[in-house]
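Right, one structure below, let's go through it.
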Amino acid sequence: MLTMIRSVWLVIAASIRVSPWQSAVCLLETLSNAAGLLQPLFIAWLITGAIERDPALVLRAVCCLVGSLTVVVVLMIIGNNARVSQYERVGFWFDTEISRLTSSIATLDHLQSAEYQDRAQTLRDHQGQLGFAFNGVLNALRAAVTGVGTLVLALTADPRMLLVVLAGLPVVLSTRWTTRWQTATDDAAAQPSRHVKHLLGLATEPGPGAEVRVFGLQNWLRDATATATRGWLDRRVGLARRQGLLESAGNVIFFVVAVIVLGWMLIDTIRGQVSIADFVLAATLITRLQMISESLQWSIRMLVRVSDDGGRFLWLRDYTAAQAARQRGTTTPPDRLSTGISTVGLGYTYPGADSPTLTDVDLELPAGAVVAVVGENGAGKSTLIGLLTGMLRPTTGSVLVDGVDLEQFDIAQWRSRMSGAFQDYARLEFSAQQSIGVGNLDDLDDRPAVRDALDEAAATDVLTALPSGLDTQLGTTWPDGVELSGGQWQRLAIARGMMRDSPLLLVLDEPTAALDAGTEHALFERYAEAARRTGGHGGVTLLVTHRFSTVAAADLVIVLRDGSVAEIGTHAELYSRGSHYAELYDLQARGYR
Ligand SMILES: Nc1ncnc2c1ncn2[C@@H]1O[C@H](COP(=O)(O)OP(=O)(O)OP(=O)(O)O)[C@@H](O)[C@H]1O
């Protein structure tokens with residue numbers, strides 16, 4: 001109940017924030033219904049006036065009917081138009097808020113959690129309904145006003161009408177259960193629906209297209225999608241059937257009681273114990289009660305929906321606030337590093353995982369050093385990078401920057417003092433200038449800065465191939481957008497990482513994975529240059545790579561194995577030990593010979 005009240009208030013507050021005036025105009029449509037509430041009474045007056053040949057009563061009835069009809073129509077026209085545009089605006093407000101909240105979480109741990117993903121998926125699936133929720137709240141208000149008004153009118157017409165009202169209650173009250181079943185079905189559908197989206201993506205997106213065709217997976221994917229869809233569709237169909245049965249049973253009860261009461265009143269009218277006007281009023285009100293019962297059912301369904309969807313939004317808001325509260329650091333990172341970055345007993349367990357991915361990692365990354373991190377697939381390299389950049393929060397131990405715990409730094413300021421190119425780089429479909437310039441928003445439109453960054457990333461030739469140079473629109477989602485190869489996109493991402501001048505931490509996480517040998521060679525030379533520049537103010541350059549030719553040039557090599565530091569030292573030291581590192585190095589050197 002509390003969630004429902006919070007959700008309804010959330011929707012109303014959002015509407016008022018979007019436009020107080022329009023929100024007020026929307027209320028007019030609700031008021032129009034109140035204006036129409038007394039129409040059955042005016043009809044009863046009209047009939048009484050006609051029977052009793054009372055022109056004054058007939059005139060009053062006609063004036064009231066015409067007046068109320070005019071008010072209803074005018075308010076409805078104004079209110080309806082306002083409602084349509086208002087719910088679109090409120091919906092847009094929620095869309096932007098959800099994007100803002102989701103991206104405002106400073107770390108990425110939550111994205112590794114299946115529970116978060118399921119909740120976020122349900123919220124995204126129902127995102128559009130939050131705008132419609134404002135409409136739902138107004139409809140519920142209208143149903144409540146009309147319901148109470150009609151109830152009072154019905155009881156004043158004849159006390160037996162109470163029986164009809166009571167007969168309508170079961171179907172109205174059952175709506176609360178059926179909507180709860182609906183919510184449970186929606187929640188249960190979150191994970192299968194994510195799975196179905198993944199399967200549909202495999203079948204329709206260009207990335208996996210070649211594998212799907214080479215391995216002839218089309219039919220297999222279609223069957224898998226059908227099976228996954230059926231899993232939750234069956235639940236939905238079953239739910240609709242149960243809902244239909246309950247509603248039909250409730251409607252039959254209402255109909256039977258209404259017929260009995262009307263028949264009873266008709267007999268009394270024939271006997272002269274009930275006036276014709278009261279009989280007509282009761283008959284009109286029974287039809288209206290039937291309508292109100294339906295709109296109350298709809299409103300309860302809507303309010304539960306508002307409560308569920310609003311509840312999910314409030315959950316995201318609370319979750320974001322809780323995450324923000326955990327980021328209590330206020331310390332400003334130093335302008336330059338004097339000792340470097342270190343880790344003490346660092347460990348990390350992914351949400352929902354049984355065992356830790358990293359354990360007891362103790363490292364000293366000296367200021368100004370170029371540090372290479374190597375290790376086999378799954379050794380924990382990206383996880384370590386996540387912890388050092390503050391994207392993941394350590395489960396145990398800590399990361400220290402010049403001896404100060406990373407947690408104590410203002411996370412936004414720390415982020416502004418680092419840069420890098422990441423394994424999962426973004427394909428930013430902007431102009432080439434912006435796609436690179438966002439690496440340092442202050443220089444977004446600075447052409448020389450972007451050209452320098454391209455040069456440092458050895459990516460100037462990517463620019464030469466673009467028809468309008470830096471002004472070229474990238475990406476096929478645009479009519480004249482130019483599509484790049486995987487390697488070209490990655491080189492733009494590296495250029496983006498070179499936009500900041502003096503990062504304290506420069507991360508290059510497998511930046512050469514999609515690059516050819518010539519580009520790789522050119523790039524390594526630039527890296528050394530960038531590292532010297534970063535090193536000038538004590539910045540640490542962290543390079544994750546599988547290519548040992550780069551590793552040899554690093555000041556320090558960290559070998560990770562099964563989530564722990566297996567070896568650490570310079571290339572020469574590690575190689576002379578003839579251990580795991582030397583084995584891997586020789587293996588790769590032989591491959592290149
Ligand atoms: N979201 C996650 N949930 C649970 N386990 C995860 C998650 N992400 C990664 N892991 C596990 O953590 C381990 C280390 O992964 P990580 O990506 O850090 O390795 P890596 O050394 O960077 O590998 P690669 O060289 O293949 O990129 C892997 O065994 C992986 O299964």
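Things worth noting here:
- At R0 = 35 Å, FRET efficiency that the Cβ-Cβ distance of Leu266 and Ser85 yields, to 0.05: 0.15
- Taking N as its residue count, the alpha carbon Rg of segment 2-322 over 2.2 N^0.38 Å: 1.30
- For segment 134-189, diffusion coefficient by Stokes-Einstein and Kirkwood Rh (Cα), 37 °C, 0.692 mPa s, µm²/s: 245
- Estimated FRET transfer efficiency (Arg53, Ile16; beta-carbon r; R0 30 Å; 0.05): 0.05
- Averaging 1/r across all pairs of distinct Cα atoms in the chain and inverting the result yields a Kirkwood radius of 29.7 Å.
- Simple spin-label estimate for Leu38 and Ala566 in nanometres, 7 Å along Cα-Cβ: 8.8
- Over the chain, DSSP H runs of length four or greater, each weighted -39,500 (n - 2.57), average out per residue to a 222 nm ellipticity of -22500 deg cm²/dmol.
- By DSSP, the beta bridges lying fully in the chain are antiparallel in about 50 percent of cases.
- Taking 0.36 nm per residue of separation and subtracting the current Cα-Cα distance, fully stretching the chain between Phe92 and Val344 would add 86.1 nm.
- When Rg and the Kirkwood Rh are both derived from Cα coordinates, the Rg/Rh ratio for segment 63-116 amounts to 1.46.
- Rounded to the nearest 10 degrees, the inclination of helix 127-157 to the longest alpha-carbon principal axis of the chain is 20 degrees.
- Per-selection metrics, segment 92-181 (Cα): Rg and Dmax in Å: 21.1, 65
- Distance in nm between pseudo-label sites at Thr287 and Arg326 (7 Å out along the Cβ direction from Cα): 6.1
- Pairs of alpha carbons in segment 423-502 whose separation is greater than 18 Å (percent): 29
- Cα gyration tensor shape of segment 321-360, rounded if a/c is under 1.5, else prolate or oblate by comparing a/b with b/c: oblate
- Taken over segment 142-276, the alpha-carbon convex hull comes to 146 cubic angstrom per residue.
- Exposure proxy ranking, count of Cβ atoms within 10 Å, fewest first, for Leu69, Leu584: Leu69, Leu584
- Ranking Ala426, Gln22, Ala412 by Cα position along the charge dipole of the chain, where only Lys, Arg, Asp and Glu carry charges on their C-beta atoms, puts Gln22 farthest toward the positive end.
- Exposure proxy order (Cβ contacts within 10 Å, fewest to most) of Asp118, Asp354: Asp354, Asp118
- The orientation-averaged shadow of the Cα convex hull for segment 295-425, equal to a quarter of the hull surface, comes to 11.6 nm².
- Seen against the Cα atoms of the chain and their longest principal axis, helix 447-456 is set at about 50 degrees.
- Extension gain, Asp360-Leu444: 0.36 nm per intervening residue step, less the Cα-Cα distance, totals 26.2 nm.
- Of the residues Ser275, Gln290, Val237, the one whose Cα sits farthest towards the positive end of the charge dipole of segment 232-309 is Val237 (charges of +1 on Lys and Arg Cβ, -1 on Asp and Glu Cβ, taken about the Cα centre).
Every read-out reported here was derived from the displayed coordinates using simple, explicitly stated rules and does not represent laboratory data. The structure displayed is predicted, hence computed values, not measured ones. No Cβ is skipped: glycine too gets one built from the backbone with ideal geometry, and neighbour counts run over all protein chains shown.
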